[in-house]
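Novice: Questions regarding the structure given below will be posed in turn.
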Amino acid sequence: MKSYKPTSIPRRAMTTIEFNKIVTTNDPEKSLTHGFKRAVGRNNRGIITTRHKGSGHKRLYREVDFTYNKRDIPATLMTVEYDPNRTAFIALAQYKDGEKRYVVLPQGMKVGSEFIVSPKAEIKVGNSMMLKNIPVGTFVYNVEVNANGGARLAKSAGNFVEVIAHDAGYVHLKLPSTEVRRVIDTCFATIGVVSNEENRLINIGKAGRSRWLGIRPTVRGTAQNPVDHPYGGGEGRQGRGTRRAKSVYGKPTGKGQKSRRAKRYSNHLIVTRRRVGKAKSGK
C-alpha cells in the first residue's frame, strides 16, 4: 500500500495501491475497448433504482472474457493492466492462434505466464476446467453457475471459492459470504485467487475521491424527514423508534435479519446459509 505525507487532514489517512509495481502498461488494447454510458443508478425512465450512484470520472470499457470458450488452446499473458471498472487487475492474453482477450488476473501469475482452458487441464493457477475434475480443498474463481453460461461467482479483488465436496453430479462450494452452495459439476472454474487482495485496505481519505469514483453522499436515516425514511423526524436527536432495523424501503436489514425471498428459485441449491452479524466476524 502507498501512503502519503500528511499535507492535509484527509491526506494523512489516504492510501492507494502501488500500481507501478504491478501494472506493466498504461495503454489498453484498442480492439478490446470502447466507450459506454454509465447507468448511474437510474432505469430507462430516469427513476433512481440504486441510491448513492452518479457522476464520477469518464471510463473506457475493457471487454473482459468471462466465457472462456476457447478450449484446448494455450494462451500467454502479454501485459498486466488496471481496469477502472473492476477491483481486480486484468491481463491481456494472446492465444496460440493469435486472438487476444482480456482475462481477470489471478495471484501468482505475471507477464509470460501461460494457461489453458480444457475440461482436463492440469491443476495449475490460471487454468480453467470442469468442477468435477477439481479436487476438494482447491481455491477457484470465475465460477460458472450454469454450464457454458459464463463466470458468475468470485470475480472481484482477493475473492475465491473453496471446493469442499463432490456429490451426485453437484459440487459443494464455500463462497466468500460463508454460504455453502451446490453447483452442477460440468460448470467451469479457474484455479487460483483473484489478484489485488490489498484492495480491501484502501482508505479513500476524502469526500472528493468518492465523487471521482461515482459514489454520491449517504445521508443518515435519522437526519431525514419522516416522509423520506422510517427513522426520520423527531425533535433533536432521536432513536430509530422501531423494534427492528429496516431500510429506507421498510425492508428488514442488519442484525442477522433474513432479507432473502422465501421462494427464491435457487433455494434448493443452498446447503448452508451464510453467517451474518457478529457470528460472521468470529466475535
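The values are calculated or read from the model by the stated rules, or taken from the named source; none is laboratory data. Since the structure is predicted, the reported quantities are computational estimates derived from the model, not experimental observations. Don't worry about glycine lacking a Cβ; one is built from the backbone with ideal geometry, like all the others, and counts go over all protein chains shown.
Novice: Give region 217-237 a look and list any residue that's loosely packed, with under 15 Cβ neighbours inside 10 Å, part of a loop (DSSP other than H, G, I, E, B) and either at pLDDT 95 or above or on the phi < 0 side of the Ramachandran plot (or both), or say none.
Specialist: PRO217, THR218, VAL219, ARG220, ASN225, PRO226, VAL227, ASP228, GLU235, ARG237
Novice: Taking only pairs six or more apart or across chains, which ones have beta-carbon atoms under 6 Å, a first residue in region 71-82 that is surrounded by 17 or more Cβ atoms within 10 Å (Cβ to Cβ), and a second residue that is assigned to a loop (DSSP other than H, G, I, E, B) and aromatic (Phe, Trp, Tyr)?
Specialist: VAL80/PHE89
Novice: Which condition does SER210 not pass, out of (1) of a type in the set (S, T, N, Q); (2) surrounded by 13 or more Cβ atoms within 10 Å (Cβ to Cβ); (3) touching a strand residue (DSSP E or B) at 6+ places or on another chain (Cβ under 9 Å); (4) not in a strand (DSSP E or B), if it passes all the others?
Specialist: (3)
Novice: Can you confirm whether region 33-51 contains a residue that is crowded, with 17+ Cβ neighbours inside 10 Å and either out of contact with any Gly (no Cβ under 9 Å at 6 or more places or on another chain) or in contact (Cβ under 8 Å) with a residue 60 or more places away in the chain (or both)?
Specialist: Taking region 33-51 first, the residues crowded, with 17+ Cβ neighbours inside 10 Å are none.
Looking for residues that are crowded, with 17+ Cβ neighbours inside 10 Å and either out of contact with any Gly (no Cβ under 9 Å at 6 or more places or on another chain) or in contact (Cβ under 8 Å) with a residue 60 or more places away in the chain (or both), one finds none in region 33-51, hence no.
Novice: Quick one: what pairs do we get from region 18-32, first residue under 9 Å from LEU92 (Cβ atoms), second polar (S, T, N, Q) and at pLDDT 95 or above, C-beta under 9 Å, 6+ apart or different chains?
Specialist: The qualifying pairs are THR25/THR79; PRO28/THR79; GLU29/THR79.
Novice: Report, by residue number, each residue of region 105-122 that is of a type in the set (Val, Ile, Thr) and touching a strand residue (DSSP E or B) at 6+ places or on another chain (Cβ under 6 Å).
Specialist: Passing the criteria: VAL111, VAL117.
Novice: Further question on the same structure: Which members of region 255-275 meet the condition of being outside any strand (DSSP E or B), touching a strand residue (DSSP E or B) at 6+ places or on another chain (Cβ under 9 Å) and not basic (Lys, Arg)?
Specialist: Those that are outside any strand (DSSP E or B), touching a strand residue (DSSP E or B) at 6+ places or on another chain (Cβ under 9 Å) and not basic (Lys, Arg): GLN257, SER259, SER266, HIS268, LEU269.
So that you can scan it fast, the table gives a plain yes or no per residue for (1) surrounded by fewer than 18 Cβ atoms within 10 Å (Cβ to Cβ); (2) within 18 Å of PRO135 (Cβ to Cβ); (3) of a type in the set (Ser, Thr, Tyr):
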residue: LEU153; (1), (2), (3): no, no, no
residue: SER156; (1), (2), (3): yes, no, yes
residue: VAL163; (1), (2), (3): no, yes, no
residue: ALA168; (1), (2), (3): yes, yes, no
residue: PRO176; (1), (2), (3): yes, no, no
residue: ARG181; (1), (2), (3): no, no, no
residue: ILE184; (1), (2), (3): yes, yes, no
residue: GLY192; (1), (2), (3): no, yes, no
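Novice: Could you tell me whether any residue of region 239-252 is within 19 Å of ARG182 (Cβ to Cβ), loosely packed, with under 13 Cβ neighbours inside 10 Å and either modelled with pLDDT under 90 or touching a Ser or Thr at 6+ places or on another chain (Cβ under 9 Å) (or both)?
Specialist: Scanning region 239-252, I find no residue that is within 19 Å of ARG182 (Cβ to Cβ), loosely packed, with under 13 Cβ neighbours inside 10 Å and either modelled with pLDDT under 90 or touching a Ser or Thr at 6+ places or on another chain (Cβ under 9 Å) (or both), so the answer is no.
Novice: Condition first: among the aliphatic types (A, V, I, L, M) and in a loop (DSSP other than H, G, I, E, B). Now tell me which residues in region 192-207 satisfy that. Spell out how you get there, then give the answer.
Specialist: The first filter runs over region 192-207 and keeps only residues among the aliphatic types (A, V, I, L, M), leaving 193-194, 201-202, 204, 207.
VAL193, ILE202, ILE204, listed by residue number.
Novice: Only residues in region 224-239 that are without any contact (Cβ under 8 Å) to a residue 40 or more places away in the chain count as the first member; pair them with residues that are surrounded by fewer than 10 Cβ atoms within 10 Å (Cβ to Cβ) and in a loop (DSSP other than H, G, I, E, B), Cβ under 7 angstrom, at least 6 apart or cross-chain, and list the lot.
Specialist: GLY232/ASN225; GLY233/ASN225
Novice: Can you tell me which of VAL136, VAL183 is farther than 30 Å from LYS58 by Cβ, assigned to a loop (DSSP other than H, G, I, E, B) and in contact (Cβ under 8 Å) with a residue 12 or more places away in the chain?
Specialist: VAL136
Novice: Of the residues ALA165, ALA189, ALA147, which single one is under 18 Å from the mean Cα position of the chain (by Cα) and either assigned to a loop (DSSP other than H, G, I, E, B) or touching a residue at least 24 places away in the same chain (Cβ under 8 Å) (or both)?
Specialist: Unique residue meeting the criteria: ALA189.
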